[in-house]
Protein chains: 2
Amino acid sequence: MKKISTPYHHGNLRQALLEIAVKLIRERGADALTIREVARRAGVTHTAPYRHFKDKASLLAAVAREGFEMMVKETKDQFSRTTQDALARLKVCGIAYIEFAIHNPARYRVMFGTGRPHGKNSALRKASEASFGLLLECIKECQKEGTVRPGEPMEMALAAWSIVHGFSMLFIDNQIREKGLFAADRESMMDVVVDHLYAGFKPN
Amino acid sequence: MKKISTPYHHGNLRQALLEIAVKLIRERGADALTIREVARRAGVTHTAPYRHFKDKASLLAAVAREGFEMMVKETKDQFSRTTQDALARLKVCGIAYIEFAIHNPARYRVMFGTGRPHGKNSALRKASEASFGLLLECIKECQKEGTVRPGEPMEMALAAWSIVHGFSMLFIDNQIREKGLFAADRESMMDVVVDHLYAGFKPN
DNA sequence: AAGACAATGTTTCCACTGTAAACTTCTTAC
DNA sequence: GTAAGAAGTTTACAGTGGAAACATTGTCTT
């Protein structure tokens, strides 16, 4: 039996590194992240992190994975507070997604910004698939319910994901505020964008 | 009178650097780009690029700016080949955008991936605004034409931009193929996604 | 309780990076 | 033709990612 909670030398360094990494990215941007600085703040040597992460990319992948897991969890939490129909849940999906991105911009960028595809890193891939799965299920349920028009659910999920992802990216990259779109507050902007999409999903 | 076309020592090094940078990003990914390697391939010392770009970020910003300009130009070219209504042009906007992203994934990622907002770099900002402006104008024209329902054009442009941007990002990050969505070919996927959005724009 | 063993952290090392400063060499305007 | 400024070079430095060999500590077996 391995006691996970018991500290070895440092005391759950892996988790500490992840938290420090996120904080650092938040403070100085994603590419300013440095393994050495993370180690420094954790109070360990600059090579200690390599016991827990193969390399820098691997550390970032772990941050990303955690992000997907958080996102799924938060969405599900919102679900449980939404006792309504599937359409309501579908909207929750969109809103929760965007809210996550806005509240965790640094992490969000890591989740998608790396450029290099998740490829082999199956843990990361699984986490991201879980997130997509949530959306897909919602759409299927809506179709059963009759609140979303028939059609290949995959394609509709793709469209839905595209819009919330796109909006999130633009928002956190400041492209929106820069273009003088801050007339409306954030929440109503979100609603507008999401509604435009769902308008295209309506039956009839 | 300054003769721009005449080579000094190297011969239009600035442009050469830009081209090499893009090629490098294409080959090895955006963060593998190194000023020294760019210089090496250009056959100059590793500090020569600093005569043309303040720093690495500045070089990347120039690559991004060029990208926006290319995108606008290509869209306009497509416009001139589209003698039809404004709605047709609006669709061209979406398709051309996605096509650009797909054909220039490396550059596209630089255009949006940096994380750091364009902020002060006004040349980059202007180029990106031109691209957004094209979309905005299309929507306004469609509204005049009656092929897009009334409503704040800014908001609709935002929605439209979100979806094409989101789709592009997901596509070039391989998130789509990874999720087993390659059933449809690229072109029909594009059409489907764009159509879902425009369905929400329809009058009535 | 006593080692053996694997997990964790450290030291030392290396090739490489971004960029500043002071320099040389070329181009062009006068 | 010469002075000035632009373009490219040399040299230097601190910081980085990561490999390798070493030291330490907790855990497992007996």
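The values are calculated or read from the model by the stated rules, or taken from the named source; none is laboratory data. Just so it is clear, the structure is predicted and the values come from calculations on it, not from any experiment. We place every Cβ from the backbone using ideal geometry, glycine too, and count neighbours over all the protein chains shown. These accessible areas exclude ligands, DNA and RNA; they are computed on the full protein's heavy atoms, side chains included. Shrake-Rupley method; radii C 1.70, N 1.55, O 1.52, S 1.80 Å.
Peptides A:95-107, B:42-54, B:66-78, ordered by how many other C-beta atoms sit within 10 Å of their residues on average, highest first, read A:95-107, B:66-78, B:42-54. In the full protein context, chain B carries 50 Å² of accessible surface per residue, based on a 1.4 Å probe and ignoring ligands, DNA and RNA.
Can you tell me the mean projection area, over all orientations, of the convex hull of segment A:10-53's alpha carbons? Units nm², please.
Details: hull surface 10.7 nm².
Approximately 2.7 nm², given one-decimal rounding.
Quick one: compute the contact order of chain A, relative version, from alpha carbon pairs under 8 angstrom and 6+ residues apart, as a percent. Each step should come with its number before you reach the end.
Details: 182 pairs, mean separation 41.2, N = 204.
Computed over chain A, the figure is 20 percent.
Rounded to the nearest Hz, the phi-derived 3J(HN,Hα) couplings of segment A:125-135 under the Karplus curve 6.51 cos²θ - 1.76 cosθ + 1.60 (θ = phi - 60°) are 4, 4, 4, 6, 5, 4, 5, 5, x, 4, 4, where x marks glycine and proline. Residue by residue along A:186-199, Cβ atoms of other protein chains within 10 Å of the local Cβ number 4 on average. Across q = 0.10, 0.11, 0.13 Å⁻¹, chain A modelled as identical point scatterers on its alpha-carbon atoms has Debye log10 I(q)/I(0) values of -0.51, -0.61, -0.80, in the order of the q list. Spin-label model, A:ARG41 to B:ARG41: label points 7 Å out along the Cα-to-beta-carbon direction sit 3.3 nm apart. Share of Cα-Cα pairs in the protein assembly as shown beyond 27 Å, in percent? When every Cα pair of the protein assembly as shown is considered, 54 percent fall beyond 27 Å.
Model label points for A:ASP185 and B:ILE102, set 7 angstrom from Cα along the Cα-to-Cβ axis, are 4.1 nm apart.
What does the average come to when, for each residue of peptide A:150-162, you count the partner chain Cβ atoms lying within 10 Å of its Cβ?
Working: counts 0, 2, 4, 0, 8, 9, 3, 2, 13, 12, 4, 8, 16.
Per residue, the number of nearby Cβ atoms from other chains is 6 on average.
Output, in nm with one decimal and in ascending order, the distances from the B:GLN84 label point to the matching label points of the other copies (7 Å from Cα along Cα-to-Cβ). Distances to the matching label points in the other copies: 3.7 nm. Using only alpha-carbon positions in segment A:39-92, the gyration tensor eigenvalues give semi-axes of 39, 11, 6 Å once each is multiplied by 5 and square-rooted (largest first).
Label-point spacing at A:ARG186 relative to the other copies reads 3.5 nm, in ascending order, each point sitting 7 Å out from Cα along Cα→Cβ. Couplings 3J(HN,Hα) for segment B:54-65, derived from phi with the Karplus relation 6.51 cos²θ - 1.76 cosθ + 1.60 (θ = phi - 60°), are 4, 7, 4, 4, 5, 4, 5, 4, 5, 4, 4, 4 Hz, where x marks Gly and Pro.
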